[in-house]
Amino acid sequence: MSYTPPPEILKKYAAVLVKFAANRGKGLKKGMVVRVSVPEPAKPLFLELHNAILEAGGHVIANFIPQSVGKRSIAREYFERATPEQITWFPENYA
């Protein structure tokens, strides 16, 4: 059995992440680009986090990561198929 916090609590979590934790503790500044990778268990927080970033004037690059498709695990298949180069790759503009 899983627990999902009420929307008001999720909104407060998102506000803390965006206003205080982002940007090395300085908070998100207008115009900043934020890549949000959200695994399926955090799906309830995703919308509030997305909204908080937009309200702060940021730009969202969203990545929702489902746990599985049917009986197939997304993460397992990624690590079984990806090359070491693919696993360690990250775009230069966001390094």
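The values are calculated or read from the model by the stated rules, or taken from the named source; none is laboratory data. All values reported here derive from a predicted model rather than from experimental measurement. Every residue, glycine as well, gets a Cβ built from its backbone with ideal geometry; the counts of neighbours run over all protein chains shown. Please note that ligands, DNA and RNA were not included when accessible areas were found on the heavy atoms of the full protein model with its side chains. Shrake-Rupley method; radii C 1.70, N 1.55, O 1.52, S 1.80 Å.
Key figures for this structure:
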| quantity | calculated |
| --- | --- |
| Extension reserve of the Tyr78-Ala15 stretch, reckoned as 0.36 nm per residue once the Cα distance is removed | 19.5 nm |
| Burial ranking of peptide ranges 72-79, 29-36, 43-50 (average Cβ count within 10 Å, highest at the top) | 43-50, 29-36, 72-79 |
| Heavy-atom accessible surface of the chain: percent carbon and sulfur, 1.4 Å | 59 percent |
| Against the rule of thumb 2.2 N^0.38 Å, how large the Cα Rg of the chain comes out | 1.25 |
| Sequence-distant aspartates and glutamates (8 or more away, or on other chains) whose Cα lies within less than 15 Å of Lys29 | Glu55 |
| Solvent-accessible area per residue for the chain (1.4 angstrom probe, square angstrom) | 81 Å² |
| Simple spin-label estimate for Glu40 and Trp89 in nanometres, 7 Å along Cα-Cβ | 2.5 nm |
